[in-house]
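This report concerns only the one structure given below.
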Amino acid sequence: MRNGKKALITTGLVATALGVFAASRWVGRHPVGNLLVPEPAKPVDLKRYLGRWYEIARYDQLFERGCEAATADYSLRGDGTINVVNRCRKSDGRMKEARGIAKIVDDESNAKLKVSFFRPFYGDYWVLDHADDYSWSIVGEPSGRYLWLLARKPLQVAEVEDLVSRASALGYDTSLLVFDRH
């Protein structure tokens, strides 16, 4: 076997092992039995969920580090999938944009989706809870490593506190939240 091919295989195996290790560890939510994240609380009316969301708070991730005024725009595509456009302002004032696609994976509730910014790789996006009027939403995924608190508009302090309390009630460590400025 040539050295280049051997190095590529070794790198792939190491990356896979690290990925499995990272996915098996919780970050912001303590495991409860085998379930890391609660199941979504209620179904999602996709047409009401589409549109612009403002990020109120999140767990810090490399891909959002240094971002402020983050928004997510969701729109329905002709094939039933969803366009995803995430934007934020970096600390140097530049705008950052990421475009992706989402697909429903739980047709019964529409609360579990898979999102991809680098096809063919998809990640989980679970709408864990939302207001009846779709004014706020709590989004996570099965490992507990990601958490977003979203709202249709920037919120007042009391509204943010209520949303944080809801995330805490789901078992998330809200001391890890990074709060967005809009």
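Being open to solvent by 50 Å² or more (accessible area, probe 1.4 Å), within 15 Å of residue 149 (Cβ to Cβ) and at pLDDT 95 or above holds for only one residue in 125, 54, and it is 54. Any residue in the range 144-162 that is in contact with a helix residue (DSSP H, G or I) (Cβ under 6 Å, 6 or more places away or on another chain), over 12 Å from residue 57 (Cβ atoms), open to solvent by 20 Å² or more (accessible area, probe 1.4 Å) and modelled with pLDDT of 95 or more? For the range 144-162, residues in contact with a helix residue (DSSP H, G or I) (Cβ under 6 Å, 6 or more places away or on another chain), over 12 Å from residue 57 (Cβ atoms), open to solvent by 20 Å² or more (accessible area, probe 1.4 Å) and modelled with pLDDT of 95 or more: absent.
Please go through the range 156-182 and give me each residue that is closer than 15 Å to residue 136 by Cα and among the basic types (Lys, Arg), ordered by number. 166, the sole residue that qualifies. Consider the range 107-134. How many of its residues are at negative phi, part of a loop (DSSP other than H, G, I, E, B) and touching a residue at least 12 places away in the same chain (Cβ under 8 Å)? Looking only at that region, the number is 4.
Would you confirm whether any residue within the range 171-179 is assigned to a strand (DSSP E or B) and among the charged types (D, E, K, R)? Checked against the condition, which is being assigned to a strand (DSSP E or B) and among the charged types (D, E, K, R), the range 171-179 yields no hits at all. Filtering the range 79-88 for residues that are free of Cβ contacts under 8 Å to residues at least 24 places away in the same chain and in contact with an Asp or Glu (Cβ under 6 Å, 6 or more places away or on another chain) leaves a non-empty set.
Go through the range 95-122 and count every residue that is loosely packed, with under 14 Cβ neighbours inside 10 Å, at pLDDT 95 or above and of a type in the set (D, E, K, R). The qualifying residues number 2.
Cβ-Cβ contacts under 6 Å between residues 6 or more apart (or on different chains), taken from a first residue in the range 43-66 that is more than 18 Å from residue 84 (Cα to Cα) to a second residue that is part of a strand (DSSP E or B) and open to solvent by less than 10 Å² (accessible area, probe 1.4 Å), are listed as 57/149; 59/147. Suppose the filter is in contact with an Asp or Glu (Cβ under 6 Å, 6 or more places away or on another chain), at pLDDT 95 or above, surrounded by 12 or more Cβ atoms within 10 Å (Cβ to Cβ) and small (Gly, Ala, Ser); does residue 70 pass it? Yes: the conditions hold for residue 70.
The values are calculated or read from the model by the stated rules, or taken from the named source; none is laboratory data. What you are looking at is a predicted structure, and each value in this text was computed from that prediction instead of being measured. Virtual Cβ from ideal backbone geometry, glycine too; neighbours counted across all protein chains shown. In case anyone asks, the SASA skips ligands and DNA or RNA and just uses the protein heavy atoms, side chains included. Shrake-Rupley method; radii C 1.70, N 1.55, O 1.52, S 1.80 Å.
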